[in-house]
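To start, the structure under review is shown below, and the notes come after it.
The values are calculated or read from the model by the stated rules, or taken from the named source; none is laboratory data. A quick note: this is a predicted structure, and the numbers were derived from the prediction, not measured. Note that each Cβ is placed from the backbone with ideal geometry, even for glycine, and that neighbours are counted across all protein chains shown.
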Amino acid sequence: MEYSDFIITVTGDCNFNCSYCYQKKEKEYLDIPTATKAVDFFFPFLDQECFINFYGGEPLLAVEQIKELTGYIHQKNKNLKKKIQYSITSNGSRINEDVLQFFNQNKFIFMLSFDGIAQNVARKEESFDHVCSALVKLLECPDIILETNSVFTSKTVGYLSESVQFIIESGVSAVNLSFSNLPPWNESELSRLKRELASLREYCVHLYRETGNIPVTNLRNIPRKGVFSCSAGRNRLSLSPDGSLWGCCYFYDFFRSNRQTKENLKYCFGSVESFVDNHKQIYPKILKNYSNLRMEYFFTSQNFCTLCGDVTECIVCPVDAAFGSLIIGKIPDWVCRIRKILREEKQLFLKELERV
């Protein structure tokens, strides 16, 4: 076992009610003894350079647990001296000076969930001003690496270009675009997506000419070899609020939301306690179920992905897609279309950069 990513979901609770959220919100919090036992066991299996990610729900509802666990990990690392990069994904609603000081001191990557102009529509009414204030404060912290993630639905896609431009002009240098897989996107909504991305592409080309920067991460040319393979279970592991272990936090969210208990058994490594006692038997048995999480094994209602000419260029999270299809490995047709539109716009963007 070797892991580059260890995800700690500190709570399933959240103070927002985003229209596109797939999580089953419950006031469940990870207890410290379970978390420290997991850290004790898995720490030797973490790569010398690794990521420890705090996740939720809204993880800042459990900020004291995050502080305690970070301190505990620091103590564990005094002898091994691993290079650990901490990160957190948060809606930013619980940002205050104490929180900022903690994240700045520990050099966190802070992924701020912020939908820009669409914030009040899809996330929480009247949250726009508060999150904008949090964004400004985060940008003022020199040792916090700030990124944003914006999720657009079939109903808010018309805000995409304006929202992303607003976030970039606020000073954010890494903006991630995500798309809700629910409900199904119709042809009109997909056409709107294409127009919005074309408008954003034009803006980003102009920005690149002026600054040489590409803040929209979806447009960056990141070399990749071969067919996409999900790293869940192989070099990524996740601890959930109930003390169960999964290849990735999304599996916990998916099975928690859909109550597929039989399928659940294929992807859950069990509790921390049972895994520590029996990992030599449990790990290889469950790991083999993660081995098929490759694009060549995925499919839509129309075709198997391995028959698609773009299979080496496409990346789809199998669990994220399953929230739309209810089957891990089945990609809803509209998700396939969204990915195709994204690839086409990225290719056009990169071609235009060659002329710059």
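Annotation: Tyr72 fulfils all but one of (1) crowded, with 19+ Cβ neighbours inside 10 Å; (2) more than 16 Å from the chain's Cα centre (by Cα); the unmet one is (1). Residues of the range 81-91 include none that is loosely packed, with under 15 Cβ neighbours inside 10 Å and in a helix (DSSP H, G or I). Could we say that Cys249 is in contact (Cβ under 8 Å) with a residue 40 or more places away in the chain and either of a type in the set (Lys, Arg) or over 30 Å from Tyr203 (Cβ atoms) (or both) here? So Cys249 fits the description; yes. Tell me yes or no: at least one residue of the range 116-139 is modelled with pLDDT of 95 or more and not in a helix (DSSP H, G or I). Scanning the range 116-139 turns up no residue that is modelled with pLDDT of 95 or more and not in a helix (DSSP H, G or I). All conditions but one from (1) under 23 Å from Leu46 (Cβ atoms); (2) in contact with a helix residue (DSSP H, G or I) (Cβ under 8 Å, 6 or more places away or on another chain); (3) surrounded by fewer than 21 Cβ atoms within 10 Å (Cβ to Cβ); (4) hydrophobic (A, V, I, L, M, F, W, C) apply to Phe110; the one that does not is (3). Candidates are the residues of the range 140-152 that are of a type in the set (Asp, Glu) and not in a strand (DSSP E or B); the one that is nearest to Glu97 (Cα to Cα) is Glu140.
Could we say that Lys78 is over 23 Å from the mean Cα position of the chain (by Cα), closer than 23 Å to Glu2 by Cα, without any contact (Cβ under 8 Å) to a residue 12 or more places away in the chain and part of a helix (DSSP H, G or I) here? Answer is yes for this residue. Annotation: of all residues in the range 293-338 being among the basic types (Lys, Arg) and part of a strand (DSSP E or B), the one that is nearest to Leu219 (Cα to Cα) is Arg294. Answer yes or no: is there a residue in the range 62-69 that is under 25 Å from Tyr283 (Cβ atoms) and touching a residue at least 40 places away in the same chain (Cβ under 8 Å). Scanning the range 62-69 turns up at least one residue that is under 25 Å from Tyr283 (Cβ atoms) and touching a residue at least 40 places away in the same chain (Cβ under 8 Å). Residues that are more than 23 Å from Thr148 (Cα to Cα) and in contact with an Asp or Glu (Cβ under 9 Å, 6 or more places away or on another chain): does the range 263-279 have at least one? Yes - at least one qualifying residue is present in the range 263-279.
Determine whether the range 31-54 contains at least one residue that is modelled with pLDDT of 95 or more and in a loop (DSSP other than H, G, I, E, B). Among the residues of the range 31-54, at least one is modelled with pLDDT of 95 or more and in a loop (DSSP other than H, G, I, E, B), which makes the answer yes. Filtering the range 153-162 to residues that are in a helix (DSSP H, G or I) and within 19 Å of the chain's Cα centre (by Cα) leaves only Leu160.
Would you check if Ile214 is aliphatic (A, V, I, L, M), closer than 19 Å to Asn149 by Cβ and surrounded by fewer than 13 Cβ atoms within 10 Å (Cβ to Cβ)? Judged against the criteria, Ile214 is not a match. Remark: pairs (first residue in the range 130-158, under 14 Å from Asn91 (Cβ atoms); second residue among the acidic types (Asp, Glu); Cβ separation under 7 Å; 6+ apart in sequence or on different chains) = Ser150/Asp115; Val151/Asp115.
For the range 163-192, a tally of residues being among the hydrophobic types (A, V, I, L, M, F, W, C) and part of a strand (DSSP E or B) returns 3.
Condition check ((1) surrounded by 13 or more Cβ atoms within 10 Å (Cβ to Cβ); (2) under 30 Å from Val205 (Cα atoms); (3) out of contact with any strand residue (DSSP E or B) (no Cβ under 7 Å at 6 or more places or on another chain)) across all residues:
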position: Leu265; (1), (2), (3): no, no, yes
position: Phe275; (1), (2), (3): yes, no, no
position: Pro284; (1), (2), (3): no, no, yes
position: Leu287; (1), (2), (3): yes, no, yes
position: Gln302; (1), (2), (3): no, no, yes
position: Cys317; (1), (2), (3): yes, yes, yes
position: Ile328; (1), (2), (3): yes, no, yes
position: Val335; (1), (2), (3): yes, yes, yes
